[in-house]
Amino acid sequence: MKGLIFYIRNNDFASLCQVLQQNNVEGISHFDINGRGKLKREEVEQMTEVYRTGKKFIPEFVSRKRVEVVVKDSDSHKIVEEVRKSAEIQGKVFVYDISESFDLQ
């Protein structure tokens, strides 16, 4: 088995889920995270507790999604390639081996 961890923009989540569902991936975990990497960070308006200042800045950390799935060894390369071919999904994927897993009762 292989584990896939995707770090993507929030608005790419639906597209990624569609690719995963087309490949019969059943278990999907996702997390809202803040991070910094190579993806472009958009300017946002600076705000105080009471009002908007009108000034813009680029935040150091931005909101992203972390999506984790476990797939068969034979499916991992195909899934990664389909996600890479999708022009709308931007981010990074990490692939790692899973030697064992157990159901907890």
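Just so it is clear, none of the values below were taken in a lab; they were calculated from the coordinates. Because the structure is predicted, anything quoted here is derived from the model rather than measured. Here the Cβ positions follow ideal geometry from the backbone for every residue, glycine too, while neighbour counts run over all protein chains shown.
Computed with the Debye formula from one identical point scatterer per Cα of segment 1-79, without solvent, the log10 of I(q)/I(0) at q = 0.19, 0.24 Å⁻¹ comes to -0.85, -1.12.
Comparing Lys55, Lys85, Lys72 in a Gaussian network model of the chain, where Cα atoms under 10 Å apart are tied by springs, the biggest mean-square fluctuation is seen for Lys55. Ranking Gln46, Ile5, Val70 by how far each Cα lies toward the positive end of the dipole of segment 2-97 (charges on Cβ) leaves Gln46 at the top. About the centre of its Cα atoms, the chain shows a dipole size close to 600 debye [charges on the beta carbon of Lys, Arg (+1) and Asp, Glu (-1) only; nearest 20 debye]. Legend: ranking of residues His30, His77 from fewest to most surrounding C-beta atoms inside 10 Å; resulting order His77, His30.
Using the Karplus relation 6.51 cos²θ - 1.76 cosθ + 1.60 with θ = phi - 60°, the per-residue 3J(HN,Hα) values for segment 94-100 come to 10, 10, 9, 7, 10, 7, 8 Hz, with x marking Gly and Pro. The lysine pair tally for segment 2-97, using Cα distances under 30 Å and a gap of 8 or more places or different chains, is 29.
Taking every C-alpha pair closer than 8 Å and separated by at least 6 residues, the mean separation divided by the residue count of the chain gives a relative contact order of 50 percent. Phi angles of segment 24-40 translate, via the Karplus equation with coefficients 6.51, -1.76, 1.60 and θ = phi - 60°, into HN-Hα couplings of 6, 7, 8, x, 10, 10, 9, 9, 8, 10, 10, x, 9, x, 7, 5, 5 Hz per residue; Gly and Pro are given as x.
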